[in-house]
């Protein structure tokens, strides 16, 4: 949503080109209309599927809080999503997937990535500096992931 709003502002050279509220509307009911599904999804109404997210607003990058639309479009990101409900069914709660085994999915994704690289005969080359930086990044990412999962 952030990128969509910013691109509208830049392309029109107008900082008011697309408000945060209009951006959220475009990302919800607007997408549903584009898919021809506005009678089933895109807004919270009786008779429609209950698809929604709960965002944890208790993070430094989301403070101070003035406007819910602005926070969602310009400050929040996917890591702030705490709970996901699809068609009335909770599929993620407290940042824990309930319908998939996350570790299994990640392992399978890694295997598929290697198969793709091998099938295309793509060689991964890295200098010693690259390997060291990748190691530092992976260590940092793992620490961050463990911290988020403990919440």
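Report the Stokes-Einstein translational diffusion coefficient (µm² s⁻¹, integer) for segment 2-97, Rh taken as the Kirkwood radius over Cα pairs, at 25 °C with viscosity 0.890 mPa s.
My calculation gives 167 µm²/s for D.
How far apart, in nm, are two points set 7 Å out from the Cα along the Cα-to-Cβ line at residue 104 and at residue 48?
3.4 nm
Calculate, for residue 120 and residue 75, the FRET efficiency according to 1/(1 + (r/R0)^6) with r their C-beta to C-beta distance and R0 35 Å; round to the nearest 0.05. Provide the component values of the computation, followed by the final result.
Numbers: r = 39 Å, r/R0 = 1.10.
According to the calculation, E is roughly 0.35.
Whole Å is fine, so just give me how far the alpha carbon centre of segment 22-89 lies from that of segment 92-116.
That distance is 23 Å.
Only the coordinates and a few stated rules stand behind these numbers; no lab work does. Just so it is clear, the structure is predicted and the values come from calculations on it, not from any experiment. Counting neighbours? That spans all protein chains shown, and the Cβs are built from the backbone with ideal geometry, glycine included.
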